[in-house]
1. Among 107, 311, what is the fewest-to-most ranking by other Cβ atoms within 10 Å?
2. Contour minus end-to-end for residue 370 and residue 323, with contour as 0.36 nm per residue of separation and end-to-end as the Cα-Cα distance?
3. Just from the alpha-carbon atoms, what are the Rg and Dmax of region 213-316 in angstroms?
4. What is the distance, in nm, between label points placed 7 Å from the Cα along the Cα-to-Cβ direction at residue 232 and at residue 334?
5. Report the gain in length on full extension from residue 285 to residue 353: 0.36 nm times residue separation, minus Cα-Cα distance, nm rounded to one decimal.
6. Hey, how many Å between the Cα centroid of region 240-307 and the Cα centroid of region 317-341?
7. Kindly list the residues of region 328-346 that lie in the label zone of residue 316, defined by a backbone N under 20 Å from the point 7 Å along the Cα-to-C-beta vector.
8. Please check: in the Gaussian network model of the chain (C-alpha springs, under 10 Å), which one of 190, 237, 212 has the largest mean-square fluctuation.
Ligand SMILES: *Cc1c(COP(=O)(O)O)cnc(C)c1O
């Protein structure tokens, strides 16, 4: 990148590149009791429920903080102190939920699959049959660690059929991949402002089944993460319990308007699918291999094996791409040496083409000719 003031595009899992108009929506201050600000909050909350087709049965409860705050609030508020949760894990975000539940001191069991393997809905059913004391199940819709898509609808069916409750971390999928709450039975879905909805970071939200949330008084372990309290206060006062992230909310309202203008979940998903297709095709044409087969790949973030060419060094590759205006992401896998490139945020198919051209130029500069990974038996693990 020749112009040092030019801001690079973020090909990462979040925070993401946002539109100019979303950034501009932050250029004014709001009093938290301002009637128009109160209206804005109500509008955002109803739009979020609509996006998931939650109808009157579901309610959106926003929360200050990053996505993890919303996940922690969901688990702490909705899992009763005497509950027991089955955690479906196939990556870092599943492990993060396990850590949260451990810190909450709630009873948990884990079902783990490899990072390149989706959670098996049938296996969830078998584990619930084998342990009738399990009250809740938690799963990540798109495990951002690898980019793998988990079958949440099938899992929801297994859980509901046995009268247990499901909590979903839909963080990196919400707004781009469908989640129809009229058909997917669950108690709650957590996501945030700064992933597929293309807002700026600073708030998460939980879309909760009203009847389930109504039972949650007194469950929470922490005042600021008590979603029941946050909900009741918002319903009563129309305002946030504690200082709202006003600028983030104003930007989010604009981002949601742009999401609707793009055709909602379907339109947003279509652009990301096109971004992902261009990226994967272009990288494969250069010789890179994806971790996942196409059938398991969500159009959110793609994991590539590290090239085996001795001229390739990830940090140099990263730095040179950054100079050319593109920020990529290191791998987070334990199963293979890898790096990741995101397809989400305000990125157009032409941006993906530009990124591929920058990658090709960088590889040429580095003298990398073989982008294929090491043979499986010799891949670094750990
Ligand atoms: C991004 C993400 C989160 C939340 O991460 P924060 O850094 O707290 O915003 C949680 N789960 C998944 C699957 C994610 O992709």
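1. 311, 107
2. 14.7 nm
3. For region 213-316, the Cα-based Rg and Dmax read 21.9, 63 Å.
4. Taking the two extended label points, one gets 4.0 nm.
5. The residue 285-residue 353 span can extend by a further 23.2 nm.
6. 16 Å
7. Counting backbone N atoms under 20 Å from the label point, the list is 328-331, 337-340.
8. Sorting by GNM fluctuation, first place goes to 237.
A short reminder: the numbers here are calculations on the coordinates, not readings from a lab. Quick caveat, the model's predicted, so the values are computed rather than measured. Note that we place each Cβ from the backbone using ideal geometry, even for glycine, and neighbour counts take in every protein chain shown.
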